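The values are calculated or read from the model by the stated rules, or taken from the named source; none is laboratory data. Computed from a predicted model, the values in this text were never measured in an experiment. Every residue, glycine among them, receives a Cβ derived from its backbone with ideal geometry; neighbour counts consider all protein chains shown.
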């Protein structure tokens, strides 16, 4: 039977944790549903979907006055009676918005979110959003408010017959399935929806695809905030899919 070791960097030195387990290991390991905490949090312009939480949520950290900001977080161990409080603080340190509610049910994990509508005359600069539960701070996120905001690209796979399209995270490594093709059959095509999810004009450059594939209809040079376009990609060489 083989052995397993784990080294970590502690005070800038590599340490073999098994040589001092009392310092570096917890025994028994706690169950995540019993240990309150936040796995991750962030800000975006829309409420993240379940697909986004599985794949990874595209962070948006720059907004413009009048825009909606969604502050989201994924929590562990939510107990009945917990008092949750969201606070949004402007660059001057003043509370812009604060919401509180009391938890009624137990959840071993849960997604929480709150939407903040920035005023049209919002103070420019760095804003802060916090989440507290029963007096304990669990998450802090900052975002910038600028005159024009910023563009943000979002890509989805166009799935026929589905109300919600398949979200594709940036730098995804999982390949896209183009399906099966009969010998001498037509080359398959998959379409992708490209959207500007931000608040400023999105400039698009040249599109490159892997060898054996081709773009049959390119995208425009730019997309206005909220605008979308469809990018069809075809398996140019049928041999790749036989």
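From (1) touching a residue at least 60 places away in the same chain (Cβ under 8 Å); (2) more than 30 Å from residue 192 (Cβ to Cβ), pick out the condition that doesn't hold for residue 86.
In the conditions (1) touching a residue at least 60 places away in the same chain (Cβ under 8 Å); (2) more than 30 Å from residue 192 (Cβ to Cβ), residue 86 misses (1) alone.
Considering every residue within region 127-136, establish whether at least one is surrounded by 13 or more Cβ atoms within 10 Å (Cβ to Cβ), at pLDDT 95 or above and assigned to a loop (DSSP other than H, G, I, E, B).
Checked region 127-136: no residue is surrounded by 13 or more Cβ atoms within 10 Å (Cβ to Cβ), at pLDDT 95 or above and assigned to a loop (DSSP other than H, G, I, E, B).
From the list 147, 208, 142, pick out the single residue that is modelled with pLDDT of 90 or more and part of a loop (DSSP other than H, G, I, E, B).
Answer to the check: 147.
Quick check: is even one residue across region 169-184 outside any loop (DSSP other than H, G, I, E, B) and surrounded by fewer than 16 Cβ atoms within 10 Å (Cβ to Cβ)?
no
List pairs: first in region 113-136 and on the phi > 0 side of the Ramachandran plot and in contact (Cβ under 8 Å) with a residue 40 or more places away in the chain, second assigned to a loop (DSSP other than H, G, I, E, B) and surrounded by 13 or more Cβ atoms within 10 Å (Cβ to Cβ), Cβ under 7 Å, 6+ apart or cross-chain?
Sorted first by the residue in region 113-136, then by its partner, the pairs are 134/82.
Does residue 194 meet the test of being over 29 Å from residue 222 (Cβ atoms) and outside the structural domain of residue 45 (by TED's automatic domain parsing)?
Values: over 29 Å from residue 222 (Cβ atoms): no; outside the structural domain of residue 45 (by TED's automatic domain parsing): yes.
For residue 194, the condition - over 29 Å from residue 222 (Cβ atoms) and outside the structural domain of residue 45 (by TED's automatic domain parsing) - is not met.
Report, ordered by the first and then the second residue, all pairs with beta carbons closer than 9 Å, sequence separation of six or more or different chains, a first member in region 12-36 that is outside the structural domain of residue 74 (by TED's automatic domain parsing) and surrounded by fewer than 10 Cβ atoms within 10 Å (Cβ to Cβ), and a second member that is outside any loop (DSSP other than H, G, I, E, B) and at pLDDT 70 or above.
27/21
Tell me which strands (runs of 3 or more DSSP E) are completely within region 14-118 and hold 3 or more residues being over 24 Å from residue 171 (Cα atoms), or say none if there are none.
Once the strands (runs of 3 or more DSSP E) in region 14-118 are filtered for at least 3 residues that are over 24 Å from residue 171 (Cα atoms), what remains is 68-78, 83-89, 95-102, 107-117.
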